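The next block holds one structure in the form of structure tokens; read it before the comments.
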Amino acid sequence: MTLAAFAFWVFALSAVASGLMVIASRNPVHSVLFLILAFISAAGLFVLMGAEYLAMLLVVVYVGAVAVLFLFVVMMLDVDFVEMKQGFLQYLPVGVAIAGLIVVELVLAFAAWTMPTDEEFAAANPVATQGSPLAGADAPTNIEGLGLILYTDYVHYFQIAGIILLVAMIGAIVLTFRTRDGIRKQDPAAQVARKREASVELKKVPSGQGI
């Protein structure tokens, strides 16, 4: 067994086991920690496939931001686990039905899957031929190739996704913004324009009488 094959099995088994532990752990903090391990294992698989940029993106964005944010939120919330478990039996039949449906779909999907032939694999994964601009020492790197495809063939989809995210961010801010009375707020313009006479007052205290 080569080193690449050994690393693949290690990362693959770690990703599958971590994914199972995410839904099997009783403690939500442990679930988030297993989720971080699953992301790191998936990043290792991306490295083995030669997609270093996607691996770095997975670690920086999902592990460094999303998963850690989940962990902080779970640790900061005062979750009453006893109250959460009270409605478990009530929704158990629905959960079992949905889980059974997912299992049936997975079985049907794997039963209909066949190993592609060499011709089909070559057509789905074209390689740079001799004389192609993608071949040779001047070939673009992984990040450059992703950028060329993303900002040429899929530039409109990329811009639409950015607009959707911007609208979602503005909508979340508008929905969560509430004006409350009785809160003292700063007025930077008034603070900058304040004169010395308006903020400082000199008092002449007679000698021996105190304040």
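The values are calculated or read from the model by the stated rules, or taken from the named source; none is laboratory data. Computed from a predicted model, the values in this text were never measured in an experiment. Cβ sites come from the backbone with ideal geometry, for glycine too, and all protein chains shown count toward neighbours. Only protein heavy atoms, including side chains, enter the accessible area calculation; ligands, DNA and RNA are left aside. Shrake-Rupley method; radii C 1.70, N 1.55, O 1.52, S 1.80 Å.
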Highest average packing first - 185-195, 153-163, 19-29, Cβ atoms within 10 Å: 19-29, 153-163, 185-195
From highest to lowest solvent-accessible area (probe 1.4 Å; ligands, DNA and RNA excluded), SER14, SER41 read SER14, SER41
For the range 146-211, what is the Kirkwood estimate of the hydrodynamic radius, computed as the reciprocal of the mean inverse distance between distinct Cα atoms, to one decimal in Å? 18.5 Å
Solvent-accessible area of VAL94, probe 1.4 Å, all protein chains present, reported in Å² to the nearest ten, please. 90 Å²
So how much accessible area does THR2 have, in Å² to the nearest 10, using a 1.4 Å probe? 90 Å²
